[in-house]
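Since the structure comes first, as structure tokens, the remarks are kept for the end.
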Amino acid sequence: MKSLQYLNKYFLKYKWRFLLGIIFTIVSNYYGVQMPIYFKNAIDHLSDTKPNNVLWLAFQLGGSYMLLSLIKGFFLFLMRQTIIVMSRYIEFDLKNEIYTHYQTLDQGFFKRNSTGDLMNRISEDVGLVRMYLGPGIMYIINLIIAFALIVTQMIRISPSLTLFVLIPLPIMSILIYRVSSRMNAMSTLVQKEQSLLSTLAQETFSGIRIIKAYNREKETEDKLGQSAENYKKQSMRLVLVNAFFMPTIMFLIGISILIAVYYGGILSFTGPTKERISIGSIVAFIMFVNSLTWPFASLGWVSSIIQRASASQKRINEFLLTKPTILNSETGEFDFQGSVAFKQVSFQYPITDITAVSNVSFQVNKGETLAIVGHTGSGKSTISSLLMRQYDPQFGEILFDEKPLSSINLHALRDQTGIVPQDVFLFSDTIRENLQFGVNDHTPTEEELIAGCEMTHVYHNIQGFPDGFDTLLGERGVNLSGGQKQRISIARALLKKPKLLILDDCLSAVDTETEEIILRNLEKGKEDRTTIIISHRISTIRNATKIIVLNHGEVIESGTHETLISQKGTYFDMYEQQLKQEKN
Ligand SMILES: Nc1ncnc2c1ncn2[C@@H]1O[C@H](COP(=O)(O)OP(=O)(O)O)[C@@H](O)[C@H]1O
Ligand SMILES: [Mg+2]
């Protein structure tokens, strides 16, 4: 239950609305209580009503009942309008808070948690929390107020009858408590199953191409079916317990009414004069007990709502209280002059023991091109992640213009950097939107877009599409070839006119001829920026100012193409091998 305390700040934010809701609840219940009292008085005066006036009395009773119901209903409407609307506002705020928080978190967080889980907490869990903020809170307030008002009236009529009639209530409370803790455990299981199910479904759809290509539809369906079956089983158990609730409560209420009639009857006819009650009072008691039915019955439901909400809020808090490990505390401007250096940098990924980068040092300046080569898994992409400060290294220093990376405003730095990651990501939007994604100071003109795409030798492809730049890409750019995606994503980086350009193995799906053209184009304008090219293909990086060769995270050789070839080491071997492959 403690987890729900997190939401108190929102109650405070909407305190006036909340207070108004409470007032409406009081007014609505006040009119609700008037009805039995009115009936009591009418019935008690029945005996001294003349026979020809009875019709008029009945008319009056019916009319007043209707009027009171209308007034009560009107305030009930207002009560819902304030409290339920408040819960919708809080839901909106909470979703925004979580979303904003997600955006501040680092790569490590997103690697640890699945997209399905992230989505679930922001939609499913917030939805369950909203049930507590709205109906949950509303019924609790309603119960307290109804109970207080009704019991006061009952005591005024007969304290001893009140005592008897209320005896089943503690039993009911204990029962509700027992059952709801059972339901708590069950609903946690249900939520877990649901989370598993939606993660699985999400993964199925994003991997649908692989599933079809490998003919795994049947197996995938079975797996999903199994998960759905588990979810159903858990839900059914919860529903079963839920189903026992209402009848049990009705039964206890029935007993209360029985007591009201039986003991009330005794009091009315044979009780001591002081405690004697009228027939009208018995009627009022039955009505009172009846109006306590719903608030009390809802208690079971409400307690399950609260249990589920607190489980959900606990999961939400888990993410909200996750602090980003990469903190961007700097807000000042940073005008990058072009020098980047690694000083004995070592880095180990948080969840594995693999030292991905070990004691790496290099320096590259404006106008120069640094190339990083090495076999897959040698730590090349990790270096680009470190440069973008997606992770902080455990040892060593990364310097931009001789300043430690941690002391530089990340947003300013990232604004001046164009990175083309190894795994291309394009949004399911038009090619135009994808291209201008990184440019935030102006909307690129048609000429700029064309120039960018010609640089990366993809404009002729785009021209071939009926809609040109306005061609819509499917999810993750599925209607493009791998090479086209790579070239568009390089164009996206170039359009930013970055002062630092990082190309991470992004020509792997392009044939050597096209690669030559792109590389030649990239030569232009390189004086104004610092370029880092990562590749496992030597042809890509031959002309670099400086080349470092990585192996298991360590720099094993460095120099220019010529010096490395003359050393006849690993670089030379790789070169020989690749030349042979190309000839074949
Ligand atoms: N997010 C990650 N979590 C844990 N280990 C990783 C992660 N990314 C890469 N690695 C590991 O770090 C090493 C270097 O990977 P990477 O930098 O991607 O190599 P390259 O780009 O040269 O192919 C590999 O052993 C890889 O398994
Ligand atoms: Mg890589």
**Q.** Which numbered condition Cys506 misses (of (1) within 32 Å of the chain's Cα centre (by Cα); (2) more than 16 Å from ligand 2 (Cβ to nearest atom))
**A.** (2)
**Q.** Check on Leu494, surrounded by fewer than 21 Cβ atoms within 10 Å (Cβ to Cβ) and hydrophobic (A, V, I, L, M, F, W, C)
**A.** no
Q: Considering only residues that are of a type in the set (Ser, Thr, Tyr) and closer than 24 Å to Asp505 by Cα, look in region 372-412 and name the one that is farthest from ligand 2 (Cβ to nearest atom).
A: Tyr391
Q: Residues being assigned to a loop (DSSP other than H, G, I, E, B), over 21 Å from Thr570 (Cβ atoms) and within 13 Å of ligand 1 (Cβ to nearest atom): count how many of those fall in region 338-387.
A: 5
Q: Can you confirm whether region 352-369 contains a residue that is out of contact with any Gly (no Cβ under 7 Å at 6 or more places or on another chain) and within 13 Å of ligand 2 (Cβ to nearest atom)?
A: no
Q: Taking the residues in region 413-422 that are within 16 Å of ligand 2 (Cβ to nearest atom) and in a strand (DSSP E or B) as candidates, determine which candidate is farthest from Asp335 (Cα to Cα).
A: Val420
Q: Could you check, for region 68-78, whether at least one of its residues is within 16 Å of ligand 2 (Cβ to nearest atom), farther than 28 Å from Leu4 by Cβ and in contact (Cβ under 8 Å) with a residue 40 or more places away in the chain?
A: no
Q) When both residues are 6+ apart or on different chains and their Cβ atoms are under 9 Å apart, which pairs have a first residue that lies in region 432-444 and is in the same structural domain as Ile462 (by TED's automatic domain parsing), and a second that is among the hydroxyl-bearing types (Ser, Thr, Tyr)? A) Arg432/Thr471; Asn434/Ser489; Gln436/Thr443
**Q.** Among the residues listed as Leu76, Leu94, the single one being closer than 22 Å to Tyr139 by Cβ, in a helix (DSSP H, G or I) and assigned by TED's automatic domain parsing to the domain that holds Val283
**A.** Leu94
**Q.** Counted residues, region 1-20 - those being closer than 15 Å to Lys314 by Cβ and not in a helix (DSSP H, G or I)
**A.** 1
**Q.** Only one of Thr563, Thr531, Thr540 that is of a type in the set (Ser, Thr, Tyr), part of a strand (DSSP E or B) and closer than 17 Å to Ile372 by Cβ
**A.** Thr531
Q) Does Arg520 meet the test of being without any contact (Cβ under 8 Å) to a residue 24 or more places away in the chain, over 26 Å from His411 (Cβ atoms) and not in a loop (DSSP other than H, G, I, E, B)? A) yes
Q | Those helices (runs of 4 or more DSSP H) lying entirely in region 142-245 with at least 3 residues of a type in the set (A, V, I, L, M, F, W, C), surrounded by fewer than 17 Cβ atoms within 10 Å (Cβ to Cβ) and free of Cβ contacts under 8 Å to residues at least 12 places away in the same chain | A | 168-206, 208-213
Q | Those residues of region 479-512 which are within 16 Å of ligand 1 (Cβ to nearest atom) and in contact with a Cys (Cβ under 7 Å, 6 or more places away or on another chain), in sequence order | A | Gln486
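The values are calculated or read from the model by the stated rules, or taken from the named source; none is laboratory data. The structure displayed is predicted, hence computed values, not measured ones. Because the Cβ atoms are built from the backbone with ideal geometry, glycine has one as well, and the counts that use them run over all protein chains shown.
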